[in-house]
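Colleague: I'd like to ask some things about the structure below.
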Amino acid sequence: MSNRLKYQKSPKPFETPIYVTKPVLPSLADYQSGLEEIWSRGVLTNNGPVVERFRNELVEYCGTDNLCLFANGTLALQIALQGLVITGEVITTPYTFVATAHSLFWNRIRPVFVDIEPEHYNLDPEQVEAAITPWTSAILGVHVYGQPCRLKELQDVARRHNLKLIYDSAHAFGVRVNGQPIGAFGDMNMFSFHATKLFHSIEGGMLTFQDGSLRRRLDYLKNFGFENEVEVVMPGTNAKMNELQALMGRLVLQQMDGIIERRRIVSETYRRLLSDIPGIFSAAPARPGVEYNYAYYPIQVDEREFGHSRDTLYARLKDWNVHARRYFYPIVPDFACYRGIVQESQLPVARRVASRIITLPIYSDLSIEDVERICDIIQTIHESAVPGRSSNFRTPARTGLSGGEVATPAAIRAD
Ligand code: T4K
């Protein structure tokens, strides 16, 4: 029996854009009441009381006091590297958001890109070990889409070679492994609280770490190195979270359980409905012992089976007002500023995944009807490529639509 709940022959385009994500917003009244308190106090930043309260709540949520807050995830990661005094070479993944590699660059560290494993698109521990040189000082893994790296294997490699193990956990807030928060693994974890993340504080970042003595150093580094009004103990930067960010974070944190549960339902609906569409492959589900956060919904497109390339699907979805994203294409070493570090023949798994990936819209108030409609649209796009079915599907370029016009499916189908 078909998995499809409803299959509309010709799904309608969305009236308002469906983006890849949409931030959770607390009630305006709650945010306003928090703002009134901030207004009356007149303290907007520099470790005010709302940031302090937010930190305490995160300490409870994350189960560790070894935690610092930052203005954003990128600065947090740059400071993590400073805090651990990482130098020389760091082995990292090519399949990530550019900020991972940029954080190394800003610390004058050479990124050594190694390939990923095909299951969850994270660093392949065997390749990491093979890339270690006398200059390697750390491994920087990324829990891509919130799916944990091979934690034990990476930890073993790090131990064997006396390397620091840092995780870019930008996508992994709320993930647990064998009952432990993801931040309990490795020497240090960076979480992004950007508005596009399932948990956010508008902009924001957090470091969690094992060695509690690092906290003072990290606090200095994010506040110019100030010990007091007249003493600067190290050349820090300005990476402080402000009160308005913390207020947003506190209110969103209250909704955390519901956020993950709603995303789980969206994600499982996609998995069920997409399994029927030839050439569309959902990523592997979470491994046993992983409590996943459903941060993203990546699919791979097999052009031969689907009938259209990934890029055509990506472009055609926009005709229905569905704005998916190709996270993470191109891979980082193919950006102009990193070109030349690796050869084109290297990193075959990362290149293959990047050429086939699309991340579909997922957020907690995306309705199941909308998920069904997105799947219907993907099915319709697939059928437009099958000879004898919907063969009159035409691209906007062939309709004669002018630049400003919205190319709806109705507009691009010939009667
Ligand atoms: N490491 C990793 C692995 C990361 O993924 C990231 C960030 C970082 C490090 C760095 O952390 P942060 O310094 O950012 O804290 C977005 C985010 O800006 C970025 O935070 C995120 N990763 C990356 C994966 O995605 P863009 O350039 O794709 O964002 P943008 O503006 O195109 O937004 C995507 C969609 O989200 C839009 O089409 C509409 C929707 N949106 C966006 C914003 C900002 C909203 O509905 N509301 C909003 O306020 O990078």
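Colleague: Which of the numbered conditions does LEU75 fail, given that it passes all the others? Conditions: (1) in contact with a helix residue (DSSP H, G or I) (Cβ under 8 Å, 6 or more places away or on another chain); (2) open to solvent by less than 20 Å² (accessible area, probe 1.4 Å).
Modeller: (2)
Colleague: Next up: What are the residues in region 32-88 that are among the small types (Gly, Ala, Ser) and either assigned to a helix (DSSP H, G or I) or outside the structural domain of THR237 (by TED's automatic domain parsing) (or both), if any?
Modeller: Result: SER33, GLY34, SER40, GLY73, ALA76, ALA80, GLY83.
Colleague: Checking PRO288 against (1) touching a strand residue (DSSP E or B) at 6+ places or on another chain (Cβ under 9 Å); (2) of a type outside the set (Val, Ile, Thr); (3) surrounded by fewer than 19 Cβ atoms within 10 Å (Cβ to Cβ): exactly one of these is not met. Which one?
Modeller: (1)
Colleague: Could you please let me know if VAL85 is of a type in the set (A, V, I, L, M, F, W, C) and more than 16 Å from the ligand (Cβ to nearest atom)?
Modeller: yes
Colleague: Could you list, in sequence order, the residues of region 174-185 that are out of contact with any helix residue (DSSP H, G or I) (no Cβ under 7 Å at 6 or more places or on another chain) and either open to solvent by less than 10 Å² (accessible area, probe 1.4 Å) or within 13 Å of the ligand (Cβ to nearest atom) (or both)?
Modeller: The one that is out of contact with any helix residue (DSSP H, G or I) (no Cβ under 7 Å at 6 or more places or on another chain) and either open to solvent by less than 10 Å² (accessible area, probe 1.4 Å) or within 13 Å of the ligand (Cβ to nearest atom) (or both): ILE182.
Colleague: OK, next. Any residue that is of a type in the set (Lys, Arg), open to solvent by 40 Å² or more (accessible area, probe 1.4 Å) and touching a helix residue (DSSP H, G or I) at 6+ places or on another chain (Cβ under 9 Å) - is there at least one of those in region 33-41?
Modeller: Within region 33-41 (the criterion being of a type in the set (Lys, Arg), open to solvent by 40 Å² or more (accessible area, probe 1.4 Å) and touching a helix residue (DSSP H, G or I) at 6+ places or on another chain (Cβ under 9 Å)), the answer is yes, since at least one residue qualifies.
Colleague: Hey, another quick one. Cβ contacts < 7 Å: first residue free of Cβ contacts under 8 Å to residues at least 40 places away in the same chain, restricted to region 136-152; second residue within 10 Å of the ligand (Cβ to nearest atom) and of a type in the set (A, V, I, L, M, F, W, C), any location; separation 6+ or different chain. Result?
Modeller: HIS143/ALA172
Colleague: I would also like to ask the following. With the requirement that a residue be open to solvent by 10 Å² or more (accessible area, probe 1.4 Å) and away from the ligand (no atom under 14 Å from the Cβ), what does region 61-72 give you?
Modeller: Answer for region 61-72, where residues must be open to solvent by 10 Å² or more (accessible area, probe 1.4 Å) and away from the ligand (no atom under 14 Å from the Cβ): TYR61, CYS62, GLY63, THR64, ASP65, ASN66.
Colleague: Now for a separate question. Which members of region 214-241 meet the condition of being under 30 Å from ASN293 (Cα atoms) and either out of contact with any helix residue (DSSP H, G or I) (no Cβ under 7 Å at 6 or more places or on another chain) or surrounded by fewer than 13 Cβ atoms within 10 Å (Cβ to Cβ) (or both)?
Modeller: Matches in region 214-241: ARG215, ASP219.
Colleague: All but one of (1) open to solvent by less than 10 Å² (accessible area, probe 1.4 Å); (2) more than 9 Å from the ligand (Cβ to nearest atom); (3) farther than 17 Å from LYS222 by Cα hold for THR100; state the number of the condition that does not hold.
Modeller: (2)
Colleague: Please verify whether region 190-206 includes one or more residues that are more than 16 Å from the ligand (Cβ to nearest atom) and not assigned by TED's automatic domain parsing to the domain that holds GLU291.
Modeller: No - not one qualifying residue is present in region 190-206.
Colleague: Can you tell me which residue is surrounded by the fewest Cβ atoms within 10 Å (Cβ to Cβ) among those in region 294-314 that are among the polar types (S, T, N, Q) and outside any loop (DSSP other than H, G, I, E, B)?
Modeller: Taking the candidates together, the pick is THR312.
Colleague: Among the residues of region 79-97, write down those that are open to solvent by 30 Å² or more (accessible area, probe 1.4 Å) and in contact (Cβ under 8 Å) with a residue 12 or more places away in the chain.
Modeller: GLN82, THR87, GLY88, PHE97
The values are calculated or read from the model by the stated rules, or taken from the named source; none is laboratory data. As the structure is a computational prediction, the values presented were derived from the model and not from experiment. When we count neighbours, we look across all protein chains shown, and the Cβ atoms used for this are built from the backbone with ideal geometry, even at glycine. Surface accessibility is based on the protein's heavy atoms, side chains included, excluding ligands, DNA and RNA. Shrake-Rupley method; radii C 1.70, N 1.55, O 1.52, S 1.80 Å.
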